Amino acid sequence: MTQSMRTASAVAIALALLAGAAPGAAAEAARFQAFTLPAGDYPHDVSPGPNGTIYYADQRRGGLGIVDPKTGKVEKVALGPGSSPHGVITGPGDTAWLTDGGQNAIVSYDPATKKVTIYRIPEDTGYTNLNTAAFDRKGDIWFTGQTGIYGKVDLKTGKVSVWSSPKGRGPYGITGTKNGDVYYASLAGSYVGRINIETGEATVLEPPTKGQGARRVWADSKDRIWVSEWISGQISVYDPANWTWKQWKLPGSGPKAYAVYVDEQDKVWIADWGGNALVKFDPVTEKFEVFPLPRENANVRQIHGRPGEILLPESGPRIVSIFKK
Amino acid sequence: MKAAAVAALCAALLFPPPASAEEADAGARAFQKCISCHGLDRAETDLSGPTLAGIVGRRAAAVAGFGYSPAMRRAGAEGLVWTADALHRYLTDPLGIMPDTTMSFAGVRDAGERRALIEYLRRFE
């Protein structure tokens with residue numbers, strides 16, 4: 001265990017004890033390791049980087065952050081004037097792909113060459129409030145813009161195409177399935193959109209609860225689409241094999257499901273703002289397990305992971321943390 | 001002469017000239033940065049942010065039934081009113097001025113764009 005990891009663990013335990021938590025809760029809190037970021041940084045989304053590092057999108061000061069959990073050091077990569085990225089994902093060669101609303105562009109960073117490449121949204125589209133990106137089966141990037149668009153970067157040609165979304169504003173999280181289909185969630189539209197990657201057309205899929213506020217989506221190994229519902233406080237799942245939906249209310253009073261992530265064992269992880277907790281859901285037993293976050297108002301806006309670890313951008317305290325499974 | 005100048009100044013303050021079409025367009029364009037989460041119709045209650053209808057001059061955290069962050073509720077309780085000046089300051093760097101707000105928005109960095117946005121919001125009561 002490195003010095004920074006020891007410090008992070010000690011801080012987590014101390015926070016839990018200060019909050020008057022039971023010893024069991026302190027042990028749970030110790031599973032969270034926190035990494036301090038440069039002052040003023042605001043981590044919105046995270047994604048696994050090369051060699052155990054963690055990428056984060058710094059929405060406030062702009063740029064890409066790279067946390068090295070082994071040393072606790074953070075490297076910043078400038079992406080361009082006015083940068084304000086919301087999302088980051090990792091592609092082939094550990095390249096980071098960012099949805100940079102400040103530049104109204106998709107921006108990539110190749111860690112091997114240190115090269116930053118900018119793919120601008122067509123000028124006549126206007127401001128799009130870019131949100132999140134995902135890969136399709138051809139290796140192209142699809143992205144959402146909350147003003148009411150979704151689009152694609154053809155990585156062979158660099159061409160950026162944009163479509164107006166059904167029901168206008170709202171496209172938020174987006175995910176690619178194992179077989180390369182692409183789905184997005186519309187927060188303001190309260191639906192899930194399935195994109196035909198050949199034509200660019202989107203089909204509206206309505207979750208069972210009206211006005212649920214579908215915020216983020218993640219595909220599991222069976223290509224089912226898990227949805228975090230912000231307004232209803234539920235998670236739901238769409239199975240494209242038989243066009244069916246199921247839904248579950250998160251535990252606690254007043255849950256608000258912001259982010260969803262499905263791990264390598266098909267366990268579903270949810271960021272619940274109502275309970276300030278990381279919540280695990282087992283689709284087989286249909287049981288929830290709640291892990292209170294050690295810091296107040298953690299405001300976890302996205303979840304990612306890798307085997308054995310859940311990666312969390314805590315936008316409230318402005319840290320990146322790892323939860324050991 | 002002096003009285004006439006004072007009267008003219010008062011009139012200008014009380015009855016500002018209507019925004020030009022160009023300014024209105026600039027304001028509408030700037031509002032695209034807000035539109036994902038905020039509406040301008042009081043009946044729109046299912047968005048992730050509160051309505052901005054009537055925001056100019058309203059106390060912070062005053063839309064009934066909206067789930068504001070503790071930070072915004074505290075600001076409202078302490079008397080923050082969204083005057084044009086307060087909005088101008090806040091929109092410069094929302095995450096710097098109110099770090100614990102749940103609105104993840106880097107702000108409107110251009111002062112002219114902020115002014116156009118605030119003037120645009122004034123039109124929606």
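How charged is the neighbourhood of A:Ile322? Take every other residue with its Cβ under 13 Å from the Cβ of A:Ile322, and add Lys/Arg as +1 and Asp/Glu as -1.
Details: positive: A:Arg31, A:Lys70, A:Arg306, A:Lys324, A:Lys325; negative: A:Asp68, A:Glu309, A:Glu314.
Neighbour charge sum, excluding A:Ile322 itself: +2.
Which whole number gives the average, over all residues in B:89-100, of C-beta atoms from other chains lying within 10 Å of the residue C-beta? Could the numbers behind the result be given before it?
Working: counts 0, 0, 0, 0, 2, 1, 7, 4, 0, 0, 7, 6.
The per-residue average across the peptide is 2.
How well do other chains shield peptide A:191-198, expressed as the mean number of their Cβ atoms within 10 Å of each residue Cβ?
On the way: counts 0, 0, 0, 0, 0, 0, 0, 0.
Partner-chain Cβ atoms within 10 Å, mean over residues of A:191-198: 0.
Considering Cα pairs under 8 angstrom that are at least six residues apart, work out the relative contact order of chain A and quote it in whole percent.
On the way: 916 pairs, mean separation 39.7, N = 325.
Result for chain A is 12 percent.
Roughly what would the spin-label model give for A:Thr203 and B:Arg123, points 7 Å off Cα along C-beta, in nm?
Distance between label points: 4.0 nm.
Taking each residue in A:52-62, count the Cβ atoms of any other chain within 10 Å of its Cβ, then average. What number comes out? Numbers along the way, then the final one.
Working: counts 0, 0, 0, 0, 0, 0, 1, 4, 9, 3, 1.
What the average comes to for A:52-62 is 2.
At a Förster distance of 35 Å, what's the computed FRET efficiency of B:Ala64 paired with A:Trp163, Cβ-Cβ distance as r, to 0.05? Each step should come with its number before you reach the end.
Numbers: r = 37 Å, r/R0 = 1.06.
Efficiency computed from Cβ-Cβ geometry: 0.40.
Assign one of three labels to chain A, namely rounded, prolate or oblate, based on the Cα gyration tensor with a ≥ b ≥ c the square roots of its eigenvalues; rounded applies when a/c is under 1.5, prolate when it is not and a/b is larger than b/c, and oblate otherwise.
Since a/c reaches 1.5 but b/c is at least a/b, the shape of chain A is classed as oblate.
Structure shown: which of A:Lys152/A:Lys256; A:Lys114/A:Lys138; A:Lys76/A:Lys178; A:Lys115/A:Lys156; A:Lys267/A:Lys287 lie over 20 Å apart, alpha-carbon to alpha-carbon?
On the way: A:Lys152/A:Lys256 30 Å; A:Lys114/A:Lys138 24 Å; A:Lys76/A:Lys178 31 Å; A:Lys115/A:Lys156 17 Å; A:Lys267/A:Lys287 11 Å.
Those over the limit are A:Lys152/A:Lys256; A:Lys114/A:Lys138; A:Lys76/A:Lys178.
Are there trypsin sites (Lys or Arg not before Pro) in segment A:199-290 that DSSP marks as loop and that have at most 15 other Cβ atoms within 10 Å, and which are they? Show your work: numbers first, answer last.
On the way: sites: A:Lys210, A:Arg215, A:Arg216, A:Lys222, A:Arg224, A:Lys246, A:Lys249, A:Lys256, A:Lys267, A:Lys280, A:Lys287; in loops: A:Lys210, A:Lys222, A:Arg224, A:Lys256, A:Lys267.
For trypsin sites (Lys or Arg not before Pro) across segment A:199-290 that sit outside H, G, I, E and B with at most 15 neighbouring Cβ atoms in 10 Å, the list reads A:Lys210, A:Lys222.
What residue among A:Asp239, A:Asp136, A:Asp220 shows peak mean-square fluctuation when chain A is described by a Gaussian network model with Cα springs under 10 Å?
A:Asp239
If the cut-off is a Cα-Cα distance under 16 Å, which aspartates and glutamates reach A:Lys159, setting aside same-chain residues fewer than 8 apart in sequence?
The reachable aspartates and glutamates, counting only those whose Cα sits under 16 Å from A:Lys159, are A:Glu123, A:Asp124, A:Asp136, A:Asp140, A:Glu198.
Separation between the A:Thr244 and A:Lys156 pseudo-spin-labels, each 7 Å from Cα along Cα→Cβ, expressed in nm?
A separation of 3.9 nm, rounded to one decimal place.
The numbers here are math on the coordinates, done by the rules we state, and not lab data. Values in this document were obtained by computation on a predicted structure and should not be read as measured data. Cβ coordinates were reconstructed from backbone atoms using ideal geometry, including for glycine residues, and neighbour counts include every protein chain displayed.
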